[in-house]
Ligand SMILES: [Zn+2]
């Protein structure tokens, strides 16, 4: 249905809402189309009408063919793309560019998050946004030059992921105002689907980071997205990130920086960014953030573990203190402190010190 609406929009240059509802407007456009093709004029999209619509859409040789980004086109309903090019600021489209020049996707993090309502992100300056629920929105046609990625603008499609994501030390930029978030599994899946889709439809050969073109964007998009989306794209789709040490000059600010080694290995098993459940099964959740936090603890990185647990939604100071305390004392197997047990005073003091010196500062840094 959404496919139908955006196809009609494309064919007739209309702005029917792409909401999946068979309105009289939509019905009228279908009849009009059927009449023009000498099909039975009944307003119903049967196989013949559908084929004719597909044909017509294909013949309008525009890069933003709606069938390319509307609906569950990636073999999974987890990464549909919706067209919002009619709602985004046209002033962001600096000029039209030939698609033959476009060979790369540049990954970005927005450094903020406003929920899953796409209208809250229409002003983001990028071709695509990927929201926490994994929905992908096209804001500008691929043929538009949009100033998203500094020196990469001419050759790339810019993709902004909603969220303020931590760096390799678990530190988020300005967390008090912008929060501190984990990349959601849905965003990872969507990012991968989008790379696959753009490789297929645009022939992109590169996946790049904003960091590589701007010295003020050192953690853009951050290790988590880089590993789980870009490194995946390199491994699975054969994309290139320009090679180790690749970065470019910046005419309007500090030069870019190469991808750090830590980003390349961030999510490997046993590393801080390791995640389970991304193997392709639909519906994995962030529940494994807890496991991830524990793994990190074992490496002795308590600060990072705390930030990850908090970003994963744990905010109870007692629970967070226990997380660290019991990881320091695995022999307790989670057994609570008893007043009469030997060493109670020392252990209780340690527990309180974890709460005062680690948990509370970490909580207040991400409020
Ligand atoms: Zn960026």
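Here are a few things to note about the model shown:
- Residue within segment 230-248 that is within 14 Å of the ligand (Cβ to nearest atom) and crowded, with 23+ Cβ neighbours inside 10 Å present: yes
- Output for segment 178-224, where each listed residue is on the phi > 0 side of the Ramachandran plot and away from the ligand (no atom under 16 Å from the Cβ): 179, 203
- Criterion (modelled with pLDDT of 85 or more and under 39 Å from the mean Cα position of the chain (by Cα)) met by exactly one of 309, 362: 362
- When residues in segment 315-354 are screened for being under 33 Å from the mean Cα position of the chain (by Cα) and either closer than 14 Å to residue 302 by Cβ or in contact (Cβ under 8 Å) with a residue 40 or more places away in the chain (or both), 8 of them pass.
- Residue among 290, 283 that is modelled with pLDDT under 85 and not in a helix (DSSP H, G or I): 283
- Residues in segment 139-170 that are within 30 Å of residue 366 (Cβ to Cβ), in a loop (DSSP other than H, G, I, E, B) and either within 13 Å of the ligand (Cβ to nearest atom) or over 19 Å from the mean Cα position of the chain (by Cα) (or both): 148, 149, 162, 164, 165, 169.
- Test for residue 126: is it outside the structural domain of residue 19 (by TED's automatic domain parsing), closer than 16 Å to residue 83 by Cα and part of a loop (DSSP other than H, G, I, E, B): yes
- Residue match in segment 77-96 (condition: modelled with pLDDT of 95 or more and under 17 Å from residue 188 (Cα atoms)): no
- Tabulated pairs, segment 148-175, first assigned by TED's automatic domain parsing to the domain that holds residue 302, second part of a helix (DSSP H, G or I) and at pLDDT 95 or above, C-beta under 8 angstrom, 6+ apart or interchain: none
- Segment 100-128, residues that are touching a helix residue (DSSP H, G or I) at 6+ places or on another chain (Cβ under 9 Å), under 26 Å from residue 246 (Cβ atoms) and either away from the ligand (no atom under 12 Å from the Cβ) or without any contact (Cβ under 8 Å) to a residue 12 or more places away in the chain (or both): 101, 102, 103, 104, 105, 128
The values are calculated or read from the model by the stated rules, or taken from the named source; none is laboratory data. Since the structure is predicted, the reported quantities are computational estimates derived from the model, not experimental observations. Virtual Cβ from ideal backbone geometry, glycine too; neighbours counted across all protein chains shown.
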